[in-house]
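K.L.:
Below is the structure I would like to discuss, written out as structure tokens.
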Amino acid sequence: DDDPLVIILSGFPCCVAHAPPTETDGPPGAWAIAAAASNLGHRVVLVTDRCNEDVFRASAPEHKLDDADDSKWELITFPPEEDMTEDQSQRLRALARKADLIIACERAGPASDGKCYTMRGIDMNEKGLIAPLHRIVEMARERNNGGGRDGDDDDEANVKFIAVGDGGNEMGMGKVLGKIHEHIPNGELIGAVTE
């Protein structure tokens, strides 16, 4: 398909003592962004952690994930990094290769130590809840710089990244990391570094 591909990264499994652990402000926002992108003629793939799948499916606009729908949007989930197969790692790379725009909507982002934290400083990686979705952004940036892996160099790549967050521990908040450290409780620990 030649239509531009918008990848939406979402999911914040911070309710670690609950099943599912998904925070509820990300899914409706992500689906609203998906609707806007689709209405503008873009293909849409929403990507989240495996543990968030039920919430994203339940909150999806009616019929948008049905196989019979011509305007089908795709929902892809990934397991925690330690559980990923080589096929799943390849699929993550393929998404980065195909992306024209990546939007993170309330998506947990790694802090300076590489772990994703709740606002209370609970390590969601340790709980086995976080897929390495930030790697899609990293690989797309490598592609932008002509440094794709495995022969994926693309001198004309210009993948944009937009992020929406509200607590400082979401992807994209690296742009204001100093402010997060200064003004957010636990900011030095939880502050997401992805810009």
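The values are calculated or read from the model by the stated rules, or taken from the named source; none is laboratory data. No experiment lies behind these values; they were computed from the predicted model shown. Cβ: placed from backbone, ideal geometry, glycine included. Neighbour counts: every protein chain shown. When the accessible area is computed, the model is the full protein with side chains, heavy atoms only, and any ligands, DNA or RNA have been set aside. Shrake-Rupley method; radii C 1.70, N 1.55, O 1.52, S 1.80 Å.
K.L.:
Of all accessible surface on the chain at a 1.4 Å probe, what whole percent is carbon and sulfur?
P.N.:
46
K.L.:
Helix-only mean residue ellipticity at 222 nm, the chain, DSSP H runs n ≥ 4 weighted -39,500 (n - 2.57), per residue, nearest 500. What is it?
P.N.:
It lands at -8000 deg cm²/dmol.
K.L.:
Oh, and also: If I model a spin label at Glu74 and Asp3 as a point 7 Å from the Cα along the Cα→Cβ vector, what separation in nanometres do I get?
P.N.:
For Glu74 paired with Asp3, the spin-label model returns 1.3 nm.
K.L.:
Now, a different point. If you count, for each residue, the other Cβ atoms within 10 Å and average over each peptide, how do 76-85, 38-47 line up from highest to lowest?
P.N.:
38-47, 76-85
K.L.:
On to the next question. Using Stokes-Einstein with the Kirkwood hydrodynamic radius over Cα pairs, what translational diffusion coefficient do you get for region 1-53 at 20 °C and a viscosity of 1.002 mPa s, in µm²/s rounded to a whole number?
P.N.:
Once the numbers are plugged in, D ends up at 181 µm²/s.
K.L.:
What size of dipole, in debye to the nearest 20, comes out for the chain about its Cα centre when the only charges are +1 on Lys and Arg C-beta atoms and -1 on Asp and Glu C-beta atoms?
P.N.:
Once rounded to the nearest 20, the dipole reads 440 debye.
K.L.:
Put +1 on the Cβ of every Lys and Arg and -1 on every Asp and Glu Cβ in the chain; which of Met139, Ala30, Leu75 then has its Cα farthest towards the positive end of the dipole?
P.N.:
Sorting the options by dipole projection puts first Ala30.
K.L.:
How much accessible area per residue does the chain have, in Å², with a 1.4 Å probe?
P.N.:
Roughly 49 Å² per residue, with all protein chains present.
K.L.:
Give or take rounding to whole Å, what are the principal axis extents of the alpha carbon atoms in region 75-195, in descending order?
P.N.:
43, 30, 24
K.L.:
Just to be sure I understand the model, the point goes 7 Å from the Cα along the line to the Cβ. What's the resulting Ala36 to Glu156 distance in nm?
P.N.:
A separation of 2.8 nm, rounded to one decimal place.
K.L.:
I need to check one value: relative contact order of the chain, counting alpha carbon pairs closer than 8 Å and at least 6 residues apart, in percent.
P.N.:
22
K.L.:
Once you have the Cα-Cα distance between Lys179 and Met84, take 0.36 nm times their residue separation minus that, and quote the gain in nm to one decimal.
P.N.:
Working it through step by step, the gained length comes to 30.8 nm.
K.L.:
Then there is this: Over all distinct alpha-carbon pairs, what is the Kirkwood Rh of region 1-121 in angstrom?
P.N.:
Final number for the Kirkwood radius of region 1-121 is 15.1 Å.
K.L.:
Could you give the length gained by full extension between Cys15 and Glu126, i.e. 0.36 nm per residue of separation minus their alpha carbon distance, to one decimal place?
P.N.:
Length gained between Cys15 and Glu126: 38.6 nm.
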